[in-house]
1. Given the conditions (1) in contact with an Asp or Glu (Cβ under 8 Å, 6 or more places away or on another chain); (2) free of Cβ contacts under 8 Å to residues at least 60 places away in the same chain, report the number of the one that residue B:258 does not fulfil.
2. List the number of the failed condition for residue B:794; all other conditions in (1) within 14 Å of chain A (Cβ to nearest Cβ); (2) of a type outside the set (S, T, N, Q); (3) under 30 Å from residue B:854 (Cα atoms); (4) in a loop (DSSP other than H, G, I, E, B) hold.
3. Residue B:524 versus (1) modelled with pLDDT under 90; (2) assigned to a helix (DSSP H, G or I): which is the lone unmet condition?
4. Residues being crowded, with 22+ Cβ neighbours inside 10 Å, at the interface with chain A (Cβ under 10 Å from one of its Cβ atoms), part of a loop (DSSP other than H, G, I, E, B) and out of contact with any Leu (no Cβ under 7 Å at 6 or more places or on another chain): count how many of those fall in segment B:851-873.
5. If you check residue B:802 against the conditions, is it of a type in the set (S, T, N, Q) and within 14 Å of chain A (Cβ to nearest Cβ)?
6. Considering only segment A:201-223, state which residues are of a type in the set (A, V, I, L, M, F, W, C) and in a helix (DSSP H, G or I).
7. Quick one: which residue in A:322, A:289 is crowded, with 17+ Cβ neighbours inside 10 Å, on the phi < 0 side of the Ramachandran plot and hydroxyl-bearing (Ser, Thr, Tyr)?
8. Identify the single condition in (1) in contact (Cβ under 8 Å) with a residue 60 or more places away in the chain; (2) within 11 Å of chain B (Cβ to nearest Cβ); (3) buried (at least 21 other Cβ atoms within 10 Å of the Cβ) that residue A:331 does not satisfy, given that it satisfies every other one.
Amino acid sequence: MSYESPIRDMLITGGKTYSDITKEITRPIENKPSKAWWIGFGLSSLVLALWLFSTTYTMLVGIGAWGLNKTVGWAFDITNFVFWVGIGHAGTLISAVLLLFRQKWRMSINRSAEAMTIFAVICAASFIVSHMGRPWVAYWPIPLPNAFGSLWVNFNSPLVWDVFAISTYFSVSLVFWYVGLIPDIATVRDRAVTKARKFWYGFFAMGWNGSTRVWHRYEVISLILAAISTPLVLSVHSIVSMDFATSLVPGWHTTIFPPYFVAGAIFSGFGMVLTLLIVAREVLNYKDYITTEHLDAMCRVVMLTGTLVGLAYITEFFVAAYSGVEYEQYAFINRATGPYWWSYWIMMGCNLLAPQVFWSRWARTTPWFIFIMSIIVNIGMWFERFVIIVTSLHRDFLPSSWTMYTPTIIEFGILLGSFGLFFFFFFLFMKFLPAINMAELKSIVKTKHGLELEKHYTDLLNNNHKMANNAHDTKGDSVHGH
Amino acid sequence: MGNINKYWKGLEELNNDPKFVANKKNEFAQGIPLEEVLTDSDGEMQSNRRDFLKYFGFSISAVALAACNNTPVKNAIPYIIKPENITPGIPNWYATTCGACSTGCSILVKTREGRPVKIEGNAESPVFKGGVCATGHASLLGLYDNERLRLPRKDNNESTWATVDTEITQALASSKNIRIVSGTNTSPSTKKIIAEFTAKYPSTKVVGYEAISYAALIEANKRAFGKAVVPSFNFEKAKVIVSFGADFLGTWISPVEFTKGWSKNRKAEDKKMSRHMHFESNLSITGSNADYRFPIKPSMEGAVLLSIYNKIATATGAPTFSIPTIEIALNSIDLTAKELLAAKGESLVISGSNNIDNQLLVASINSLLGNIGTTIDLDNYSNQVSGDDAAFEAFVTEMESGAIDTVLFYNTNPAYSYYNADKFKQALKKVKTTITTNSSTDETGELCKYQTPDNHYLESWNDSEPKLGYFGLTQPTITNVFTTRQVQESLLKWAGNNSDVYTYIKSNWEANILMAGETAWNKALHDGFFMSSPKVASTASAAALLSDIANKATVNYTTNLKNTELKLYTKVGLGDGTHANNPWLQELPDPISKACWDNYLTIGKVTADQFNLKQGDVVTLKAGKTTIEGLPILIQPGQANSTIGLAMGYGKLKGKVASNFGKGLGKNAFGLVSFENNTFSYNASNGITLTKTDDGYELPLTQTHQTIEGRNLLREASLNEYIKNPSAGNNEHAHIISLWEEHDSKGHKWGMAIDMNACTGCGSCVVSCSAENNVPVVGRKEILNSREMHWIRIDRYYSFKNLATGKPSTKEKEYDNKDNNIDFEHVTVMHQPMMCQHCGHAPCETVCPVLATVHSSEGLNQMAYNRCVGTRYCANNCPYKVRRFNWFKYRENDDFDFHFNNDLGRMVINPDVTVRSRGVMEKCSFCVQRIQASKLKAKIENRKMVDGDVKTACQQSCPADALIFGDMNDATSEISKLFKNERKYVLLEEYNVQPSVGYMTKIRNVDESIAGEQKAPVKHEEKHEEKHEVHSNEAHAHS
């Protein structure tokens, strides 16, 4: 079922054998964690503690612990929410859309990208709850049959759509991720030497026996789930964008928002995947699995989507000018030149201008540089949401209510702390689950023999097309090696 | 007794069957089939694992749920014997007289279950006609001030009335010189009681002392007309009003009464309006409502008055005086004189100055114009304000000399408000017996030997005579909250008269005021006032010689030409600081600066630039010998150049709220008052220096952006334009295509019209709303965080004039630019009350995820507080930004230690309105509780509701009748008519949110064109009137 272009560079380097893959990818699970892991996990836990403190403080005291006011009702809270939801998108895109498009290069990164999706959505969901004035009734926007009388949710409200969108997204992503994990968990189970490991991995492997029947079902369910997930890539952030687009706040009320938000989400998601993978390939020594070619491909996506959001920024300006609505016009002039001008130009610089460096191949293949760029992308995308939310709200229709928003230390604590929450889960993931999909990876690995052949055919192809038929016959080896 | 069963259930019982006896011990004779229930059908297991888990789980959750319930036990004690006239849930109303200040407005007090919860104006009063000012509303909270004295005090320790009575009576008996230092006292009975007291202790003398003195006005009338009185001013009769710093709509003498009179003559529909011209240094609310406002320095007032006098004298053939040409913009003197001469006998010139010379000039001008007896009534004079500054000065000197044995302070606090407080305090030490009757320990009370706390006026019997022949009665609306005793009773007791005040007042009224018996008394008590037929106002002409004054005015003007001058003022609401401990008043934004919880130096932009100052800088102010450090700067548009303004009434040391819990709240400006020419002077012209410090200070402002940014949300026209075209300034209307289904509007549809022509911005509605709707006080810090909770606010916008283009400038980027020729001194002001607009297509309703804010069948936008989850989306989506979020728990929270944090203060809570919890959204409800109450009443009376049945709290309190509420589905209602008026417009019409609140264009009585400068396609209207009509109709259709 797979076709490999002999022209394309190898997706995995280092001449790995199946056994190498299994050993190297299960190494963090089977051995004691490295020092680097402990440092990372310890730091994440500390930052998580900050999140716990800040969130608990807010819940105890009230939303007044933040810098919001009568005019600016959302700021860091929803900025963080949209930011984290956006981060999640790359995971779904990589696992579902690239699966359907048969982009094999995704196989090295899809597992961690999907994990990232799940943890990012958890972070996002935490903001849905904590931004509420009365978080103890956070379940009310869910249409639950209840005994309170004829109370029901408002299906007109984009916040209710959000509830559906996010919960669907989370459950589908979780199932997709888990289904993909089953063969690898079974591998760990089979190699387990301790009782505990045998029990737990055995439990989660759900009786996987590697038979053709289970493999067949695995393949089918993967495709089905991919097909279900693919529209989610578009729908989730479209719906999140409707939180703004369906309102009448100048600067929010914009029909361009759904595609613009989706592009932004993929942009920031890939930014985050890059950040994580560049670290992971260093720390876990996965350079052969996550090659610079992977980074290159992701950088191209970053550049494309960055330019798309840049186009959206400019389009917004044009539409505001063209609309003739003075409130719209002011909102956009105020973004660029008002008291929060700096946030606008950070956004423009990070999202539109900075990714243009990826026109250069050096920039796309130099890990340390990409790492810096990925951070810049994420800063830019956080500011994009901040700009949209705060600069639109703080000066809307009646100038008498215009005011400034200044975040408090608690809000910074929650923002920073949410990264703790994210990385806490991510480090646990790296320790206890195979960070790369071994089973799928084995389908694209090339054995020594295969490599030689490949080289041979490539040479032939380059020199003489006559030999092409022959090459086709002998290529089968590399495919069915589970 | 034996075992005799007289009644038995069966033979077994009768026979004491052994089996029966054994079973009898079991509670359930039949036994409970528990086993069967818990047993599997096949009987193998008595209770299977699943059942066990079920019951186990249930029990655990039940226990956990039960344990969660930590609701504190609160005792509700029912009436054992129901008091007469009190029905739980039904309010009682009492007519009484407001005691917040000496103005003595007639009010109604709403009581619920025996406690006053709301103050409203008494619309039946022929003098006050139903308005209440912000201070009056807030004085209700004074009743529940936790810091009121609970017992009399001796040497700052709690004592008993018996002890202090004995000691004071002894001290009085042995005193040679007794003084009663009294604030303005308009009460005929109290005066009689003091006379009785004086008869018993003949050395007693009454010294009148007012922190804000009107001594000069009284003295000038004495010299000019031989009548030492404050006249009554008839604003409703005046076609031209010229005021020199008299803030008669805000703080001067009787603002509610004056606002009623003033606004009567400001109705555009009458096609004629009074022309109001205002000369002042600081921008006051009166100045902000004037048609023409001329900023002048305080030292110029005499010279300007004299120049106007000269013009009028020339025209009327009176002698004139030489005066140098005055540098004043806009040809104001000629214009004013011209207008005044055109309205002889129907004009009114007033001055707020406490300078005898200026007041004499004013009296002379009025006399020349023939206004005495028409707009100025010296015969039916006012008792509402007083002041005898020279007498008080003499009294302090007398105290210093040790000649005074006993002094009693009634309703005054000179240790705080006297300009030389240290001198006063030193002198007070020489007095043997010092008594104060103030109801909490204030700066004077602290120094007094005896504190004999007076009742709050809502607990007292009293009377008043604010105007000659108009008597007000004060009746208690609650029994004494603490062991206090009203002054009248104390004085009677000390004078050896043991009769109670009620009997005393009643007999006094029957004998001297009503000249009639019980029935008349009962009627007066029911009405709250009694009015005898007024005297016929006589005309008079001023007898004063002005040549001396002319010289002084000239000198004053020329010597101070280059000086920076200080003008002290009092703020609306807080006044002289008597109510500084009242959190409602502290949180009421100043109508002009929109600052609360602080005083500050107001300074014009030009002057600030000269001193290199900007908003938020902190300066040290030196005026003569007095230095005040740490004064924050507020850049005030409209402030006369080279002047600075500072509000009195701040910087209290006593009172938790007034002193910001001891941290200090503003600075005491009374030290800058001086005693000049026999009166207190509230301005200083010499030796003012400002020294900038390195400190910064953020002022708590509820509005931080000052202009409308050129948006078509404030609509105005000149009177001439209005007469030609009633929709002048209001001919841009949106062409609306709706995607929404319209709501059914059968039955009622509530709406409100706001007449921006009438609204003065006084802020009375803001406090009234807070009282009615239990709006929490959030304090200074939260105002800085832009989190005030007021359900109604009054937006105040400035419009500057660009001197280069002659066009108004309302955009920040224009007037912030230093190269521009913006005139910061001549500024036009617009006040726009803003509350929930109760939109037909409310943007807040569609976005709420849980339907916590929904549309009622009567057009109201309603909040279900206990459904709200607090996403704040509704507030974000509200284009008017009127929604208020409960950021914290504002009650029973030590971080918000205001009246919601103590049991006494919470007694002010209106039981008809929910107190909102933390984390929910709230907003104006159009006083839905009042609507419901009125509907119920109409239903009980088996009738339809009629227009005027429901009055919202803001509407009820408005002294200018600027807010009109009613049923838009009732074709005869006033609101229906107003909504058809050409002046009506709604804000943000093009968004089709269909607000239920309509605004009426502001009409200014100025000669210049206003509407023509807007985008309206109206031009050449004078020549082509016919054409213009067509033109504007077209605009209607197409725009």
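The values are calculated or read from the model by the stated rules, or taken from the named source; none is laboratory data. Nothing here was measured: the structure is a model prediction, and the numbers come from that model. Because the Cβ atoms are built from the backbone with ideal geometry, glycine has one as well, and the counts that use them run over all protein chains shown.
1. Of the numbered conditions (1) in contact with an Asp or Glu (Cβ under 8 Å, 6 or more places away or on another chain); (2) free of Cβ contacts under 8 Å to residues at least 60 places away in the same chain, the odd one out for residue B:258 is (1).
2. (4)
3. Single failed check for residue B:524: (1).
4. 5
5. Numbers: of a type in the set (S, T, N, Q): yes; within 14 Å of chain A (Cβ to nearest Cβ): no.
Criteria not met by residue B:802.
6. Restricting attention to segment A:201-223, the residues satisfying the condition of being of a type in the set (A, V, I, L, M, F, W, C) are A:203-206, A:208, A:214-215, A:220-221, A:223.
Result: A:203, A:204, A:205, A:214, A:215, A:220, A:221, A:223.
7. Values: A:322 fails: crowded, with 17+ Cβ neighbours inside 10 Å.
Only one candidate qualifies: A:289.
8. Only one criterion is unmet by residue A:331, namely (2).
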